[in-house]
Amino acid sequence: ARRGILFVLSSPSGAGKTTLSRRLLAAEPQVRMSVSVTTRKARPGEIDGVHYHFIDEGEFRRRVAAGELLEWANVFGRLYGTPKAPVMQWLDAGHDVLFDIDWQGAQQLAAVTELARDLVRVFILPPDGPTLHARLVARAQDAHDVVAERMKKAAGEISHWHEYDYVVVNRDLEAAAEEIRAVLLAERVRRTRRHGLQGFVARLLRDL
Ligand code: 5GP
């Protein structure tokens with residue numbers, strides 16, 4: 001028995017974080033994905049309640065005031081936040097929880113004393129600038145001005161890479177997915193997380 005890990009993936013848009021999140025969820029079905037609330041509009045193909053809970057600013061502010069969000073931030077002029085209740089239930093049930101949040105959210109989770117010890121932060125870097133730009137353009141879901149804005153903001157996001165426990169360069173999707181999974185598997189067996197082991201080892205020693 002162990003408490004779940006809060007597994008944070010951050011990166012600038014276009015570094016492949018969404019794809020890598022999906023890969024991790026497919027490989028590790030025990031992991032739960034935290035679905036954020038946001039005031040931005042849904043992109044084509046995005047489903048309310050699956051990719052995000054799309055809400056207006058009034059409702060967002062109400063949830064902040066009611067303490068319903070574990071963390072929240074203004075990202076590119078839109079509000080994003082993590083609903084607290086499902087995360088706490090999953091952690092208590094021993095599920096690891098995956099967060100696709102920015103550096104501001106990662107900092108806020110690290111500041112919550114009772115969560116900090118179960119927090120594992122992974123930063124995903126693109127291999128180079130042109131690749132990042134090409135990925136944003138290829139995605140073609142955003143208007144050009146948003147792409148340009150996100151390119152500009154990428155540098156700001158990347159400047160927080162050193163606040164993370166692990167850094168993965170997404171040069172090759174398979175390799176990056178494997179590295180991220182390896183981090184999770186290793187963190188699960190970290191000694192300080194293995195609260196039930198004392199009894200197990202005691203029984204083991206009795207049998208020797
Ligand atoms: P997008 O609009 O492209 O889905 O997300 C923009 C940025 O907001 C991404 O870097 C994403 O990680 C971040 N983000 C999404 N949800 C949350 C959240 O709940 N909290 C915080 N702090 N950032 C979030």
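Points to keep in mind about this one:
- Based on DSSP H segments of at least four residues, each scored -39500 (n - 2.57), the chain has a per-residue ellipticity at 222 nm of -13500 deg cm²/dmol.
- Ranking H51, H95 by solvent-accessible area of protein heavy atoms (1.4 Å probe, all protein chains present), from largest to smallest, gives H51, H95.
- Rounded to the nearest 10 degrees, the inclination of helix 144-158 to the longest alpha-carbon principal axis of the chain is 40 degrees.
- Efficiency of FRET from Cβ geometry, R203 and D172, R₀ 45 Å, rounded to 0.05: 0.55
- Placing +1 on each Lys and Arg Cβ and -1 on each Asp and Glu Cβ, with no other charges, gives the chain a dipole about its Cα centre of roughly 500 debye.
- Taking each residue as 0.36 nm, the span from R22 to L185 lengthens on full extension beyond its C-alpha to C-alpha distance by 57.0 nm.
- With a 1.4 Å probe rolled over the protein heavy atoms of all chains, the accessible area of R191, R150, R139 falls in the order R191, R139, R150, largest first.
- When the surface is traced with a 1.4 Å probe over the full set of protein chains, H53 keeps roughly 70 Å² accessible.
- For L98, solvent-accessible area (1.4 Å; no DNA, RNA or ligand), Å²: 0 Å²
- Accessible area of the stretch 30-167 belonging to carbon and sulfur atoms, whole % at 1.4 Å probe: 55 percent
- Nearest-10 value in Å² for the accessible area of R23, using the 1.4 Å probe: 80 Å²
- For the chain, taking the reciprocal of the average inverse distance between every pair of different Cα atoms yields a Kirkwood hydrodynamic radius of 18.2 Å.
The values are calculated or read from the model by the stated rules, or taken from the named source; none is laboratory data. All figures in this text were calculated on a predicted structure; none of them were measured in a lab. Using ideal geometry, Cβ is built from the backbone for each residue, glycine included, and neighbour counts are taken over all protein chains shown. Keep in mind that these areas ignore ligands, DNA and RNA; they rest on the heavy atoms of the full protein, side chains included. Shrake-Rupley method; radii C 1.70, N 1.55, O 1.52, S 1.80 Å.
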